[in-house]
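Below is one structure, written out as structure tokens; the observations come after it.
Every number in this text was worked out from the coordinates using simple rules, so none of it is lab data. These numbers were taken from a predicted model, which means no experiment stands behind them. So basically every Cβ, Gly included, is an ideal-geometry build from the backbone, and we count neighbours across all protein chains shown.
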Amino acid sequence: MIIKENDILEFKKKHPCGGNTWKVLRVGSDCRLECVTCGHQIEITRSKIEKNIKAVK
Ligand SMILES: [Zn+2]
């Protein structure tokens, strides 16, 4: 799977704010994502992304 900066990812699991779309801010062994709905940022490993992802928009 190829994930690039500025991609919008849709996850299976919802964020507590109710959103399930995340914008990719930085790609590396750990990726930085921003919740599109509430703006919260997280660091997440690529393997966790691959487990949780539903779609890339
Ligand atoms: Zn959120």
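In the chain, helical runs assigned H by DSSP with n ≥ 4 each contribute -39500 (n - 2.57); averaged across all residues and rounded to the nearest 500, the mean residue ellipticity at 222 nm is -3000 deg cm²/dmol. Short to long, the 5 Å bins of the Cα pair-distance histogram for the chain hold 4, 22, 37, 28, 8, 1 percent of all pairs.
Fully extending the segment from Ile2 to His40 would add 11.4 nm, taking 0.36 nm per residue of separation and subtracting the current Cα-Cα distance. Projecting the Cα atoms of Cys31, Ile53, Ile2 onto the dipole axis of the chain, where Lys and Arg carry +1 and Asp and Glu carry -1 at the beta carbon, places Ile53 farthest toward the positive end.
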